[in-house]
Structures are given as C-alpha cells and as structure tokens.
1. Does the stretch 242-251 include one or more residues that are within 17 Å of Ile138 (Cβ to Cβ) and under 16 Å from the mean Cα position of the chain (by Cα)?
2. Hey, among the residues in the stretch 283-332 that are surrounded by fewer than 17 Cβ atoms within 10 Å (Cβ to Cβ) and β-branched (Val, Ile, Thr), which one's farthest from Thr407 (Cα to Cα)?
3. Among the residues of the stretch 49-93 satisfying the criterion of being surrounded by 21 or more Cβ atoms within 10 Å (Cβ to Cβ) and small (Gly, Ala, Ser), which is farthest from the chain's Cα centre (by Cα)?
4. Which residue, of Ala125, Ala156, is of a type in the set (Gly, Ala, Ser) and either in a helix (DSSP H, G or I) or surrounded by fewer than 17 Cβ atoms within 10 Å (Cβ to Cβ) (or both)?
5. Across the stretch 245-297, which residue is farthest from the ligand (Cβ to nearest atom) among those that are touching an Asp or Glu at 6+ places or on another chain (Cβ under 7 Å) and within 16 Å of Gly63 (Cβ to Cβ)?
6. Consider Gly89 carefully, then state whether it is on the phi > 0 side of the Ramachandran plot, touching a residue at least 60 places away in the same chain (Cβ under 8 Å) and part of a loop (DSSP other than H, G, I, E, B).
7. Among Lys155, Lys134, which is more than 10 Å from the ligand (Cβ to nearest atom) and farther than 28 Å from Ala31 by Cα?
8. Which condition number in (1) buried (at least 20 other Cβ atoms within 10 Å of the Cβ); (2) outside the structural domain of Phe132 (by TED's automatic domain parsing) is the one that Glu335 fails?
Amino acid sequence: MISRTKSDALFAEALQYIPGGVNSPVRAFRAVGGKPFFVNRASGCRVWDVDGNEYIDYVGTWGPAILGHAHPKIITAVKAAADHGTSFGIPNPSEVTMAKLICSLVPSVQKVRMTNSGTEACMSAIRLARGFTKRDKIIKFDGCYHGHGDSLLVKAGSGALTFGNPDSAGVPADFAKLTIVLPYNDPEAVKAAFAANQNEIACIIVEPVPGNAGLYLPKPGYLEFLRESTKANGAVLIFDEVMTGFRLAPGGAQERFGITPDLSCFGKIIGGGLPVGAFGGRADIMDYLAPLGPVYQAGTLSGNPLAMAAGIAGLEELKSTNAYAKLEQLGAHLETGMRDAAKSAGLPVTFNRCGSMFCGYFTSEPVWNVDDAMKADRERFKKFFHGLLDAGVYLAPSQFEAGFLSTAHSEADIEKTVDAVARSMRSL
Ligand code: KE4
C-alpha cells in the first residue's frame, strides 16, 4: 500500500487555511474519495509527491504540459526572462512576439488580447460579443465549461458538474436568465433557440471538442452547422479553445475540423504552465475593445514577460518538432490498450479520444453529450482511479475530466499504463 503520510499532513494543514484545502475544487479528490497528494516535483510525463511516490501523469496540469513538465527550453526561457524582471506593466517586446505567434498559428485570429486565465479570456470574449452585437443573450451548451465567470456558471462542466452545482450559488437569477443552455450535438435545439430569441442572441460559445464532462466529439457536420446558424442569425461564434488550442493541431480544433470562428479563447498551453489566457479573432470585432472601442477589458499582469517567455518557448518547440504526429501515435497506442484491457476484463467501457485528449467512461452506451456521460458508473470509476493511482498512474480525479498525453510520454510509459489499467480493471 502506498504511503502518503506527508501529503496527508499537508492536507490537514491546508484545510485550516484554504477552503477545502485546495485552490481549485477539482484538485480535492472529492469526486473519487480519499485525499489529494501534494506534488513538489514534476519532470517529463512524471510527477512526484512529497512522500516520494512517482506517478505517470495524464492530467498534465489540466492541459498546459503538452511538452511534459519542466521542459528544458521553457525552464531556460523563464529563468532568462526573470533575470530582467517579472512584470513591467508597460508594453514589452514578448507581447508582440506572442501575438504574432498566435495570429500565425491560428488564421482566424487577426488580433489577440492576452489575459491571465481561460476564465478571463472567455468572460471577456462574451462581453466583446455583447458589445459588438448590442445583444444580451448568449448560448452555451450543457456540460461545457468556460471558466467561472458569472454568465457561464450555468449548467457548467468540470468541477461544477462533478460537485453537482453546475448552477453555482451567488450567480443572480437575472444573470443566468440571459444564458440559454442547450444540449450539445443537437442542431434542432439551436434552431429553436434562435427562432424563439430573434435578434437577441449575441453569441454561441462552445468547446469545439468538449473536455469538461470527460471527452466527447462533435457529430459530423455539427460544428459546420453552428458556423452557418450563427452567421445566418447575426450572432458571433466563439470557439473556446482553452483546452483544445495548440493541442488538437497547431491551429487547434478549428484547424482539425476546418471551421473559422469569429472569436477564439485560449489558455493553458500558451502559458507553458504559467498563468496565461488570450482571446482573439476578427479585427473588426477585436477593435471594439478599449482603448480603441467601447468594450472595456484589462489586466495588471496581462502579457507579463515571464509568462510570455514560457508560452513562446512552448509554442516554438511545438512548431519546430513533429509533436502532433507523436501525440497522435501515443494516443492511438493508449486507446488500443485501454480497449483491449476493458474487453479482457469484460467491462462495458466507452473510450473517446481526439488526438492527445481522451476519456474512458464506464458505460456500454456511446457518449455524445453530458446526458450520455452522466450514465457512466462513477462508483466503478472511483475504484479504477485509485487502483491506477496505487500502481503509479495518475488520471484526472473525476469521471468528468479529460486525460492528456504529452510528447514526454513514451511507448514504454503507455505499456506500463496499459498493464496497470488491465490490473485495475480486473479488480473492479
Ligand atoms: P482557467 O480559468 O481555469 O484558466 O480556464 C477556464 C477554462 C475555460 N475553458 C475551458 C474549455 C477549460 O477547460 C477551462 C479550465 N479547465 C479546467 C479543467 N477541466 C481547469 C481545471 C481547474 O478548474 O482547476
């Protein structure tokens, strides 16, 4: 049995000073039971807890660690930048470098504004769409998570879904009523919403490949439908690519699926592990932002040189290596292994994958939306999670989160993982 006595002591202390002992709810292990372990070192595809236990990591700090942890080029860039100061509060050259990089990698982005989180990026994009269209209502999809901005904590995914409070307390009913929540992968629901709210809907915000209720994919033609229906109704199409951006392809899900949204939100990978978000898109919309236009948005640390250095180093490394081919190969290997293990154990498992993002649901039914995902056997997932953890494999501590591969994972790591999966499944 793995010992985690130092983590347990730290958690007991953390509980005295931090709500739930964590700075973000999903870390608390409440969806899987037990206590979170504390990590003090990460390198490549591995993390080590304070008791010295080693884990192959498939959370990857929820997506940023696409190159693995502590990538030498990112660490070197951050150390070099730090020697010149950590934040200036006045334009610095790396902000231009980052903006040019994002615009070159994502053709739909003609102009981009940096923020400090994905939440800020999404809430700012919503405000911009409302200011640009002079409309108040927005459409989001059940189970999709776009950060914890008030307008978006309505039937949200990720931790909100995990803890059964997809409609958070503290969000005034007057705010929530401007958010129309529809089932994902259901074109008829979108048509009906536009018909019932003509000229009132500012935007649709969507995770093109939803990764906050596990992972499921757009049905063929669905994203194209969202593109056409927003265009036909004068609404802005916002792709929330905080998770999928620069992961599913150099240009994100929009490149992989060939869709041109009006605005896109980014985060995670573009910070190389430091706090960074961004939103960008059509220049005629982006120019509504202060100081040019009437939509206000700001941030003390937006574009700070340290975070820019980390993100630029990471994006340059992704550009200069064959990262996406390797991620696809690793993903296919893991998928085959997971499916074979479930078959051998005689367990009903639906395994969804898109590139280096994946989720195994304990259900025999296909999973195309959050209602399907909710049918998964969460008790079985809890046992599976802890069986893997004790075997040194760390999956996201919730059935309603996606898993992430990195270029630091090796075929041998996948083999070790699949062996642990097979053993854990046999014990279920
Ligand atoms: P942040 O504010 O956490 O940087 O980004 C919010 C966000 C926006 N959009 C999408 C598609 C996201 O996945 C996220 C954040 N993802 C979660 C993981 N499911 C962050 C983990 C956490 O909340 O601790």
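The values are calculated or read from the model by the stated rules, or taken from the named source; none is laboratory data. Since this is a predicted model, take the numbers as computed values, not measurements. Heads up, the Cβs are rebuilt from the backbone with ideal geometry, glycines too, and the neighbour counts pull from every protein chain shown.
1. Step one: filter the stretch 242-251 for residues within 17 Å of Ile138 (Cβ to Cβ), giving 242.
Filter again for under 16 Å from the mean Cα position of the chain (by Cα), leaving 242.
Checking the stretch 242-251: at least one residue is within 17 Å of Ile138 (Cβ to Cβ) and under 16 Å from the mean Cα position of the chain (by Cα).
2. The qualifying residue farthest from Thr407 (Cα to Cα) is Thr300.
3. So the residue we want is Ala81.
4. On the way: Ala156 fails: either in a helix (DSSP H, G or I) or surrounded by fewer than 17 Cβ atoms within 10 Å (Cβ to Cβ) (or both).
Among Ala125, Ala156, only Ala125 is of a type in the set (Gly, Ala, Ser) and either in a helix (DSSP H, G or I) or surrounded by fewer than 17 Cβ atoms within 10 Å (Cβ to Cβ) (or both).
5. By that ranking, first place goes to Ala249.
6. Values: on the phi > 0 side of the Ramachandran plot: yes; touching a residue at least 60 places away in the same chain (Cβ under 8 Å): yes; part of a loop (DSSP other than H, G, I, E, B): yes.
Yes, satisfied.
7. Residue meeting the stated conditions: Lys134.
8. It fails just one condition, (1).
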